[in-house]
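Step one of this worksheet: look at the structure below.
The values are calculated or read from the model by the stated rules, or taken from the named source; none is laboratory data. Worth saying up front: this structure is predicted, and the values here are computed from it rather than measured. Cβ coordinates were reconstructed from backbone atoms using ideal geometry, including for glycine residues, and neighbour counts include every protein chain displayed. With ligands, DNA and RNA removed, areas are computed over all heavy atoms of the protein, side chains included. Shrake-Rupley method; radii C 1.70, N 1.55, O 1.52, S 1.80 Å.
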Amino acid sequence: VLECVTWPNTLLEAHADERRARFFAGDWRGLSPLLERATPDGRFDRVVSAETVYTLEAAEQMATLVSRHLARPHGIALIGAKRYYFGTGGSIAAFRDALAKREPALECEAALVIDNGHSNIREVLRVRWRA
C-alpha cells in the first residue's frame, strides 16, 4: 500500500520532493532502530500513521514511537484512528493516555472528527511539542 498508493499520491497531491519524503512500514515495535539510522538524530518533522492504536498495547507502542521520533520543537504527528476499537480495547483515549504518561511535553488534539452517524467515529489527532 505504501509503495503503490501512499507514496505516489503524496508526491502528486503535495508536490513533495521524493528525496525528502521517506516512508516506513512494518511492525512499529521494530521500527525504532530503522528510524534512528534514517536521519542524523532519528527524528522526523512529520509522522503520519493510521489504524495503529487498535489495542492497548499498540496504543502504548505508538505513543513511545511518536515521543521518541518526533522532531523538536516543530514536529507534528498525525494519527488517524477509530475513537474505539470494539473487542480489542484500543482507542483514541488509550493513545492519548499513553502519550501523556510517556511524554507530558507533547500535546494531542483532535484535528478532525468524522462522525457520519453510520459507523464508528474516526479522528485524526495532531500531536506536537508544547510551546
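Quick notes on this structure:
- Heavy atoms of residue 22 accessible to a 1.4 Å probe, total area in Å² rounded to 10: 130
- Volume in Å³ per residue [convex hull over Cα atoms, computed for region 56-131]: 70
- Kirkwood estimate for region 24-84, i.e. one over the average of 1/r between Cα atoms, Å: 11.9
- Around the amide H of residue 44, modelled in the peptide plane, lie the amide H atoms of 70, 71, all under 5 Å away and 5 or more residues distant in sequence or on another chain.
- When peptides 61-67, 30-36, 47-53 are sorted by average Cβ neighbour count within 10 Å, with the highest value leading, the order is 61-67, 47-53, 30-36.
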